[in-house]
Amino acid sequence: MTLHLVTYDRGGREAVGALVDGGLVPLDAFIETLPAAPWSGAMVRLIRGTLGKPGALAEAVAKGKPEAFDEATLLAPIPRPARNVFCVGRNYAAHAAEGYAARGVAPVKIEAPEFFTKAPQAVVGQDATVPVDTALTQAFDYEVELAVIIGKGGANIPAASAMDHVFGFTVGNDLTARDLQRRHGQWFKGKSLDRSCPLGPYIAVREGGQGHPDWAISLTVKGEQRQSSRTSMMVFDVPAILEQLSRGMALEPGDIILTGTPEGVGYARKPPLVLAAGDRIEASVEGLGTLRTRIA
Ligand code: MN
């Protein structure tokens, strides 16, 4: 059975547990036995502490006693990553094509993954409220993405063994101010506004032997479907992304990588759609649950 790990607020403290049969097995006591991980929370301590110990986590979960769990206490799986969230741009051909059409520019052949980042402080979790300042942006947009959580770190990771470096997966929503993305040349400003990186609801721990996933990926706004594709449609699959991102730059346990969004984003639609106060967004990936976000 796939392990589903959550980070949640337990009496004002960041705690980690496993979702089991509608309840939750607290893993605090298990995590206390693992070496402390500076600059990181409980989830990264768990990820680091169980590297190279297959079965230790599953055993701790099996030994635990499920408790009632209040979903309202959920935090992002890694609420404050130790460094920026890595992202890949234009990684679905149909999304790249809709962008060229919307901007009236000629298609570019994508030779290598386009990397950019979002600040750690932009990360929020399930049922986050995200403000949109219409004096700042008139083009706030959504992007459902498969998020990869790194387990074993390392530089120069070959694609052939890259999946062994994946601890698990969650859902991401790469909220983007399109007008700022373009105005400032580099994408960082438009991609990194406060609370613009919803992640969650849980991490599905990768199972041994699992390769690049082929999962349904979709997003709705106010209940209306806006994006629908499969993760097998990526231009650069997860092994290729990890190989290229890790060249000369070591990945670390707990690093988060957003792998790009499929077609259907708001700005490329006819007429274009812009997120507005009151909008409810549901971003889903098969097997990873639904990440809910509200625009305020
Ligand atoms: Mn994106």
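Rule-based calculations on the coordinates, nothing more; no lab input. Given the structure is predicted, the values throughout are model-derived calculations rather than measurements. When we count neighbours, we look across all protein chains shown, and the Cβ atoms used for this are built from the backbone with ideal geometry, even at glycine.
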ask   = Is the stretch 200-296 best put as rounded, prolate or oblate by its Cα gyration tensor, with a ≥ b ≥ c the root eigenvalues, rounded for a/c under 1.5, and otherwise prolate when a/b is larger than b/c, oblate when not?
value = prolate
ask   = Looking only at 239, 198, 262, which one moves most when the chain is put into a Gaussian network model with springs between Cα atoms under 10 Å?
value = 239
Net charge of Cβ neighbours under 10 Å - reference residue 272; Lys, Arg +1; Asp, Glu -1 = +2
key: DSSP beta bridges in the chain [antiparallel fraction, %, rounded to 5]   = 90
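Run lengths n ≥ 4 of DSSP H only: what is the helix-derived mean residue ellipticity at 222 nm for the chain, with -39500 (n - 2.57) per run over all residues, to the nearest 500?
Numbers: 8 runs with 54 residues, N = 296.
Using -39500 (n - 2.57) per qualifying helix, the result is -4500 deg cm²/dmol.
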inquiry  = Sort 118, 65, 222 by Cβ crowding within 10 Å, fewest neighbours at the top.
reply    = 65, 222, 118
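Order by neighbour count: 179, 255, 214, fewest other Cβ atoms within 10 Å first, most last.
Values: 179 17, 255 26, 214 12.
In increasing order of surrounding Cβ atoms, one gets 214, 179, 255.
Hey, what did the chain get for relative contact order, percent, Cα under 8 Å, at least 6 apart? Walk me through the numbers before you get to the answer.
Values: 719 pairs, mean separation 71.4, N = 296.
Relative contact order of the chain: 24 percent.
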request  = Find the centroid of the Cα atoms in the stretch 213-240 and in the stretch 106-129, then give the distance between the two in whole Å.
outcome  = 14
ask   = Within the set 152/189; 65/152; 109/191; 53/118; 191/270, which residue pairs have Cα atoms separated by over 26 Å?
value = 152/189; 65/152; 53/118
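In debye to the nearest 20, how big a dipole does the stretch 250-296 give about its Cα centre with +1 on each Lys and Arg Cβ and -1 on each Asp and Glu Cβ?
Value, rounded to 20: 360 debye.
Work out the FRET efficiency for residue 182 and residue 14 from their Cβ-Cβ distance, taking R0 = 51 Å, and round it to the nearest 0.05. Please list the in-between numbers first.
Details: r = 36 Å, r/R0 = 0.72.
FRET efficiency, residue 182 to residue 14: 0.90.
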message = At 0.36 nm per residue, and after removing the present C-alpha to C-alpha distance, how many nm does the segment from residue 228 to residue 133 gain when stretched out fully?
response = 31.4 nm
remark   = Taking 206, 83 and counting other beta carbon atoms within 10 angstrom, the fewest-first order is 83, 206
message = Is the C-alpha gyration tensor of the stretch 66-195 telling us rounded, prolate or oblate? Criteria: a/c under 1.5 is rounded; beyond that, a/b larger than b/c is prolate, otherwise oblate.
response = oblate
